[in-house]
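The values are calculated or read from the model by the stated rules, or taken from the named source; none is laboratory data. Everything quoted here is computed from the prediction, not taken from an experiment. We place every Cβ from the backbone using ideal geometry, glycine too, and count neighbours over all the protein chains shown.
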Amino acid sequence: MIEESASYVQTLIKTHKTFIMKKFILSIAILLLLTGSSFAKSPAGISDRAVASFQKDFNRASEVKWDITNDYLMATFQLDKETMFAYYDFQGNMIGLVHHMLTTSLPLILQKEIKKHYSQYWVSSLFQVTNEDGMSYYIQLKNADESIVLSSDGTNSWHRYAVPKNKSTNL
């Protein structure tokens, strides 16, 4: 009878310890969840709408960094080992997506035109812009004497792009 009482008390103690341990682990899990969600909030000045739109558009993005200007919000991020730039207005609507690229990624007709008409230049910068108007390319070419910027709407030719006087020609 005494052995049964001792066994019963030991079972009660184990049950009580298990209950306290479960409560402790649950408390830690809740604390981590609350702390983690506070880090997931949008950076200061960045609208929650823009962050939500970005997460919907680029759910596999990593290394996201937000910048804010007077005119737009910009998310710099990594996607498929490429650095990309997504631009949003303050209401969370995407304005455009930009990513730098190699000339070998251009459509063949645009590559050939660069080789044919601008062989004395080297490519300083090349990027693709995707927005509601479609896809376009911008390329900065340099030689010892000048720097020019060309654009293409993705068709079969380049056009000289007039850089506004107050803007730098470094793309």
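How about region 129-146: which of its residues are assigned to a strand (DSSP E or B) and within 12 Å of Y118 (Cβ to Cβ)?
Matches in region 129-146: I139, Q140, L141, K142.
Is it the case that G36 is in contact with a helix residue (DSSP H, G or I) (Cβ under 7 Å, 6 or more places away or on another chain) and either at pLDDT below 95 or surrounded by 15 or more Cβ atoms within 10 Å (Cβ to Cβ) (or both)?
Taking the combined requirement at face value, the residue does not satisfy it.
Within region 153-166, can one find any residue that is in the same structural domain as F54 (by TED's automatic domain parsing), touching a strand residue (DSSP E or B) at 6+ places or on another chain (Cβ under 9 Å) and closer than 30 Å to S53 by Cα?
For region 153-166, residues in the same structural domain as F54 (by TED's automatic domain parsing), touching a strand residue (DSSP E or B) at 6+ places or on another chain (Cβ under 9 Å) and closer than 30 Å to S53 by Cα: present.
Please indicate, with yes or no, whether at least one residue in region 82-104 is surrounded by fewer than 10 Cβ atoms within 10 Å (Cβ to Cβ), at pLDDT 90 or above and part of a helix (DSSP H, G or I).
yes
If only one of Q111, Q128 is in contact with a helix residue (DSSP H, G or I) (Cβ under 9 Å, 6 or more places away or on another chain), surrounded by 16 or more Cβ atoms within 10 Å (Cβ to Cβ) and not aromatic (F, W, Y), which one is it?
Q128
Note down all Cβ pairs under 9 Å where the first residue falls in region 57-71 and is more than 18 Å from T130 (Cβ to Cβ), the second is acidic (D, E) and surrounded by 13 or more Cβ atoms within 10 Å (Cβ to Cβ), and they're at least six residues apart or on different chains.
Note: pairs meeting the criteria are D71/D89.
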